[in-house]
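A.B. asks: Encoded as structure tokens, here's the structure I'll be asking about.
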Amino acid sequence: MAPERLLVGFVRSLRRAGLAISVGSTVVFAEAVAAVGGTDTRQVYWAGRATLVTRPEDVGVYDRVFAEVWRGFVADQDAVATETFTLVMDDEDDDPDEPPADGDEEVLDGPTLLVRFSPHEVLRHKDFAAYTPAELDEAHRLMADLHLAGALRRSRHRRPSRHQRGHPDVRRTVRHALRTGGEAVQRRHTEPDQRPRRVVLLCDVSGSMEPYARALLRFAHAAVVGRSRVEAFALGTRLTRITRELSSRDPDMALGRAGAAVEDWSGGTRLGEGLRRFNDQWGVRGMARGAVVVILSDGWDRGEPEELAEQMARLHRVAYRVVWVNPLKASPGYEPLARGMAAAMPYVDEFVEGHSLASLEELGQVISR
């Protein structure tokens, strides 16, 4: 059995070489080595390949580090180094029973590993800024399946209750009493109903957000047409309400109308001034009261940070929760140090990523809490 210190040292060497290995993967690696015995370097090699390597481009680094760390532990390195496999990629959307086209079939030497992959799964985690036009169109179609449900709140309306407590329901009590000769054998009650909170989306469409703005507006469109009580605004050098433009079921028509309505697309950003207009004209008057307000922006602002902080404080006082979605948060080593972002952070309840489909799915869960 390979010593535990050797396994730990091997994982540390892989991390120093640039591989991103989580603690969970390390635990699974140790369990896999324990399962195969760990006395054969070949088995240890494949246990590590299966649990520690997540990208094909990391295989070369893994092989080099493995040879350096495990050299001399068992004299079986040549077998590990010389054993080769042919990797065949198979799109899971393809029909497995469909025969190959003429000329596509070729004879492969040695063992063959058939790996199936999903293009949709790749798109879920890919950064919107790296999308091709075709991938962006596919992502727009996938966003139609996103369901946005705001957190629930108590309503003034009441609903029948199964519990023997609460507000008496005279009508139901009398109706059931007629079945027992007029005797109110069982009294009925009501309880407050619940309804989803309003969701307000403020999407930054400035030049710095160009790689993400269209994808985020498509998310806003899916939210507007997917449920009621969703309001959408575009933030740039001015504030533009685009809820009506995004209400069309046709996504291309909706995004076209929204783009025509926004006069400062890909321009500058004045987040403080835009939030001030939102607070004065819509938010404080009622739209943001008790609502989940979602700001989709990278935080770069040409205005004064003091004004942004003041308007964020006003918004935070009336909203149920303020969520800030920043696509740059997914960048390694990112910290909210930009003037606008730093001024807004004290008044943000949730700070999440927004660079991929997977992050937008997580955003939907954050909004529903």
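The values are calculated or read from the model by the stated rules, or taken from the named source; none is laboratory data. These numbers were taken from a predicted model, which means no experiment stands behind them. Please note: Cβ atoms are built from the backbone with ideal geometry, for glycine as well, and neighbour counts cover all protein chains shown.
A.B. asks: If I ask for residues that are over 25 Å from the mean Cα position of the chain (by Cα) and not in a helix (DSSP H, G or I), which ones from segment 266-285 would you list?
C.D. replies: GLY267, GLY268, ARG270
A.B. asks: Mind telling me which of the residues GLN194, GLN164 ends up being assigned to a strand (DSSP E or B) and either over 30 Å from ARG55 (Cα atoms) or modelled with pLDDT of 85 or more (or both)? Spell out the reasoning first.
C.D. replies: Values: GLN164 fails: assigned to a strand (DSSP E or B).
On inspection, the qualifying residue turns out to be GLN194.
A.B. asks: Are any residues in segment 1-56 at pLDDT 80 or above, aliphatic (A, V, I, L, M) and in contact with a Gly (Cβ under 7 Å, 6 or more places away or on another chain), and if so, which ones?
C.D. replies: Within segment 1-56, VAL44 is the sole residue that qualifies.
A.B. asks: Which one is surrounded by the fewest Cβ atoms within 10 Å (Cβ to Cβ) among residues in segment 236-262 that are assigned to a helix (DSSP H, G or I) and among the charged types (D, E, K, R)?
C.D. replies: Per the stated criteria, the residue is ASP252.
A.B. asks: What are the residue pairs meeting all of these: first residue in segment 56-68, first residue closer than 16 Å to VAL11 by Cβ, second residue at pLDDT below 90 and of a type in the set (Ser, Thr, Tyr), Cβ atoms under 8 Å, and 6 or more apart or on different chains?
C.D. replies: These pairs meet every condition: VAL65/SER13; PHE66/TYR45; GLU68/SER13.
A.B. asks: Still on this model: Out of the residues in segment 186-217 that are surrounded by 21 or more Cβ atoms within 10 Å (Cβ to Cβ) and among the small types (Gly, Ala, Ser), state the one that is nearest to GLY268 (Cα to Cα).
C.D. replies: For segment 186-217, the residue satisfying everything is SER206.
A.B. asks: Follow-up. Could you grab me the full set of residues in segment 322-343 that are within 18 Å of the chain's Cα centre (by Cα), under 16 Å from LEU275 (Cα atoms) and in contact (Cβ under 8 Å) with a residue 40 or more places away in the chain? Walk me through how you get there before you give the answer.
C.D. replies: As a first pass, look at segment 322-343 and keep what is within 18 Å of the chain's Cα centre (by Cα): 322-332, 334.
Right, trim to under 16 Å from LEU275 (Cα atoms) and you get 322-325.
Passing the criteria: VAL323, VAL325.
A.B. asks: Further, regarding this structure: Based on this model, can you work out whether PHE233 counts as under 23 Å from LEU308 (Cβ atoms), surrounded by 14 or more Cβ atoms within 10 Å (Cβ to Cβ) and out of contact with any Asp or Glu (no Cβ under 9 Å at 6 or more places or on another chain)?
C.D. replies: yes
A.B. asks: How many residues are free of Cβ contacts under 8 Å to residues at least 12 places away in the same chain and among the charged types (D, E, K, R) when one looks only at segment 277-321?
C.D. replies: Here the count works out to 3.
A.B. asks: Name, by its number, the condition in (1) touching a strand residue (DSSP E or B) at 6+ places or on another chain (Cβ under 6 Å); (2) on the phi > 0 side of the Ramachandran plot that does not hold for GLY333.
C.D. replies: (1)
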